[in-house]
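Student: Please find one structure pasted underneath; my questions will follow.
Just so it is clear, none of the values below were taken in a lab; they were calculated from the coordinates. No experiment lies behind these values; they were computed from the predicted model shown. Using ideal geometry, Cβ is built from the backbone for each residue, glycine included, and neighbour counts are taken over all protein chains shown.
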Amino acid sequence: MTMQLHGRVAVITGAGSGFGREFARLALKAKMPMALADIEPMALAAVVDEIKGAGGAAFGMTCDVSQAAALEDLAEATMNTYGAVHLVFNNAGVGSGGLIWENSLSDWNWVLGVNLYGVVHGIRSFVPRMLACAAKDPSYHGHIVNTASMAGMLNAPNMGIYNVSKHAVVALTETLYQDLRLIDAPISASVLCPYFVPTGISASHRNAPSSVASEGQTASQKAAAILSSKAVSSGKVTAHDVALRTFEAIEKGQFYVFSHPHALGNVQTRMEDILTMRNPSDPFAARPDLRENLRQAIAEAARA
Ligand SMILES: NC(=O)c1ccc[n+]([C@@H]2O[C@H](COP(=O)([O-])OP(=O)(O)OC[C@H]3O[C@@H](n4cnc5c(N)ncnc54)[C@H](O)[C@@H]3O)[C@@H](O)[C@H]2O)c1
């Protein structure tokens, strides 16, 4: 199914920074009225002002996507303001690392709350309303983009919670796609799987709840933060490039969207591990220096 974006209503979570802000800028070019949501009021207001200043139609809602009621309020406000919803980006997300047994329950609740339940709540609040729009309009086309990650396709060490949350988003989105086909809905779906792209993701703890912030970080968590910051800031593909690829994918009805398709060799290796019942391959096989850097960073953080 292909989709014409011009004039359709878009909803974007995590719109205050990174990919979300770039989606909003492209939605503006397509003259899409939009509902923008983020947990950071100032960053969100700046994007809403930018869109409105450039002649676009937008409203902002400060919300925490881990709360079901927040997505209900966003969906209700979108319908009340624009009378329809066509394109939903469940994009807000946070990163957190560390050896998997060192992550606290607060870490799990925070990251799964935002990365997984944020998408669950988005699906539960918006899909029924999109189906209702489709029932009233025979020309209706809708599309949902869930932001997962390459971490939803691979399982690198020292980033367990994030891997789990993003694998779950891939599973959820593949199932969503099949469920929509099953009922012949005029709605499609894509899963966006970026690799390292410079955005605010490595500073995710700025939005962590006090239960996470008050616990401090273990050596492996500190090492994860340092290396994630280096990897993200050295990314050459920009958030704008990724947003462009995503909009092209929506228009073409393409499901899988990758920022770095050349990194898919690691996914192939993982699939071959499964198909041949081989034990999991080293995700750093092509870059043994990365495994060594990670070991050293954990040891250094433990000594500090
Ligand atoms: N940048 C990367 O390298 C990369 C790679 C793979 C996946 N991703 C994913 O991309 C998505 C967007 O992240 P980004 O890279 O643009 O980072 P970012 O930090 O620049 O943007 C994320 C936005 O989400 C908002 N947010 C955080 N918690 C929230 C909450 N509870 N409720 C509502 N909003 C919240 C933040 O305030 C921020 O504006 C995330 O799902 C992230 O996991 C990023």
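Student: Which log10 I(q)/I(0) values does region 1-142 give at q = 0.11, 0.12 Å⁻¹ under the Debye formula, counting every alpha carbon as one identical point scatterer?
Tutor: Each listed q corresponds, in turn, to -0.41, -0.48.
Student: Loop only by DSSP, 14 or fewer other Cβ within 10 Å of the Cβ. Give me the trypsin sites (Lys or Arg not before Pro) in region 14-110 that pass, ordered by residue number.
Tutor: For trypsin sites (Lys or Arg not before Pro) across region 14-110 that sit outside H, G, I, E and B with at most 14 neighbouring Cβ atoms in 10 Å, the list reads 31.
Student: Rounded, prolate or oblate, given the Cα gyration tensor of region 145-211, with a/c below 1.5 counting as rounded?
Tutor: Working: a/c = 2.28, a/b = 2.02, b/c = 1.13.
Prolate shape, in that a/c is at least 1.5 and a/b is the bigger ratio.
Student: At q = 0.11, 0.13, 0.16 Å⁻¹, work out log10 I(q)/I(0) for the chain with the Debye formula, treating every Cα as an identical point scatterer and leaving solvent out; two decimals please.
Tutor: So the normalised log intensities work out to -0.66, -0.91, -1.33.
Student: Something else about it: May I ask you to list the aspartates and glutamates whose Cα is less than 17 Å away from that of residue 31, ignoring any residue fewer than eight positions away on the same chain?
Tutor: Result set, ordered by chain and number: 22, 49, 50, 248, 251.
Student: Continuing with this model, one more query. Taking 0.36 nm per residue of separation and subtracting the Cα-Cα distance, what length does fully extending residue 273 through residue 254 add? Present the calculation step by step, with values, prior to reporting the outcome.
Tutor: On the way: separation 19, 0.36 × 19 = 6.84 nm, distance 2.64 nm.
Stretched out fully, the residue 273 to residue 254 stretch lengthens by 4.2 nm.
Student: Let me ask something else. Determine, from the Cβ-Cβ distance of residue 183 and residue 214 and an R0 of 45 Å, the FRET efficiency 1/(1 + (r/R0)^6), rounded to the nearest 0.05. Present the calculation step by step, with values, prior to reporting the outcome.
Tutor: Working: r = 46 Å, r/R0 = 1.02.
Efficiency at R0 = 45 Å is approximately 0.50.
Student: So, one more: Between residue 52 and residue 302, 0.36 nm times their residue separation minus their Cα-Cα distance comes to what?
Tutor: Numbers: separation 250, 0.36 × 250 = 90.00 nm, distance 4.85 nm.
The span from residue 52 to residue 302 would gain 85.1 nm if fully extended.
Student: Order of 211, 190 from fewest to most other C-beta atoms within 10 Å? Present the calculation step by step, with values, prior to reporting the outcome.
Tutor: Values: 211 13, 190 22.
The most exposed by this proxy come first: 211, 190.
Student: Continuing with the same structure: Calculate the radius of gyration of the Cα atoms of region 63-134 to one decimal place, then report Dmax, the largest Cα-Cα distance, as a whole number, both in Å.
Tutor: 14.6, 47
Student: A follow-up question, please. Could you name the lysines whose alpha carbon sits less than 19 Å from that of residue 230, not counting residues in the same chain fewer than 8 places away?
Tutor: The qualifying lysines are 222.
Student: If neighbour count is taken as other Cβ atoms inside 10 Å, put 3, 271 in order from fewest to most. List each step's numbers first, then the result.
Tutor: On the way: 3 18, 271 11.
Ranked by crowding around the Cβ, least crowded first: 271, 3.
Student: Pull out a ≥ b ≥ c, the square roots of the eigenvalues of the alpha-carbon gyration tensor of region 225-304, then state rounded if a/c is under 1.5, prolate if not and a/b is larger than b/c, and oblate in the remaining case.
Tutor: Values: a/c = 3.36, a/b = 1.33, b/c = 2.52.
It is oblate, given that a/c is not under 1.5 and a/b is not larger than b/c.
Student: When the expected Rg is taken as 2.2 N^0.38 Å, what fraction or multiple of it is the alpha-carbon Rg of region 162-286? Could you put the intermediate results ahead of the total?
Tutor: Values: Rg = 17.5 Å, N = 125, 2.2 N^0.38 = 13.8 Å.
Here the Cα radius of gyration is 1.27 times the empirical estimate.
Student: Going 7 Å from the Cα of residue 105 in the Cα-to-Cβ direction, what parts of region 189-216 have a backbone nitrogen less than 17 Å from that spot?
Tutor: Taking a point 7 Å out along Cα→Cβ of residue 105, the residues of region 189-216 whose backbone N falls under 17 Å are 209-216.
Student: Any idea how far apart residue 77 and residue 124 come out in nm if each label point goes 7 Å out from Cα toward Cβ?
Tutor: About 2.0 nm separates the two model spin labels.
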